[in-house]
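Read the structure below first, then the notes.
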């Protein structure tokens, strides 16, 4: 199962539906593979490309379904994922608060603050793309992305709180936390099953959503107003809800990648990628909540 986040998509965080796990070995000619991921055979993406973690000396060797996994040595654990995610999200929150306090959004300074926010957002985008195409995680790039993303979110949140409604930001934060907790509980209870069909549906919906938003943005830039109206009024509310649902689906995919990375003995450094992917998804959900609540408050 490939991840919705590009930072996971090239690293084989999977065990189901024909995708290679971390400790999958190449089959020997004339005989079955020994000590391999039982789901690795027939992987349409693995032909001609060895698993980058096949030689990991710390990876569990017994991957038979239902067999206990012995996590040893320098491999990723849930504690690693939690601590890296806390550091990354903490950086976002700290820089967002500082931007809120230090970059005023009053009419006299709004243009300057918006300019800084847009610049920070572009830098965060570039850093996220660079990290996405790197073969190994870079904590400096990930934390740098988090810092600049926090500046962008801080200014935008301050402007929304000042000009639309004072309680919108707190509501968006609570909504994001509620979605995270709800999806985590549903995933742990196996109410959500991440299968190839689920992945395909989510990715198709996400591509369509992003394309529509891009077209709407182009019409807004060249035609003025809200473009095709996908971000205001009734359509804006509908697409805001769709965006939040997509974010929840991304979270389920991210949880699957983390679970499989731990199961198949991913190196500890991959916890930074897990933190990066989860941060990307949570920022998406927060922005969709902020936009949706802004529309609802504006219609009151």
Output the residue which, of all residues in the stretch 86-110 that are at pLDDT 90 or above, over 25 Å from the mean Cα position of the chain (by Cα) and part of a helix (DSSP H, G or I), is surrounded by the most Cβ atoms within 10 Å (Cβ to Cβ).
102
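Residue-wise test of (1) surrounded by 24 or more Cβ atoms within 10 Å (Cβ to Cβ); (2) at pLDDT 95 or above.
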site	(1), (2)
262	no, no
270	yes, no
274	yes, no
281	yes, yes
297	no, no
300	no, no
In the stretch 173-192, how many residues are crowded, with 17+ Cβ neighbours inside 10 Å and outside any helix (DSSP H, G or I)?
1
Got a number for residues in the stretch 124-164 being assigned to a helix (DSSP H, G or I) and crowded, with 17+ Cβ neighbours inside 10 Å?
26
Residue count, the stretch 171-227, condition over 17 Å from residue 285 (Cα atoms) and touching a helix residue (DSSP H, G or I) at 6+ places or on another chain (Cβ under 7 Å), comes to 6
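The values are calculated or read from the model by the stated rules, or taken from the named source; none is laboratory data. Just so we're clear, the structure is a prediction, and the values are computed from it rather than from any experiment. Reconstructed Cβ throughout: ideal geometry from the backbone, glycine too, with neighbour counts over all protein chains shown.
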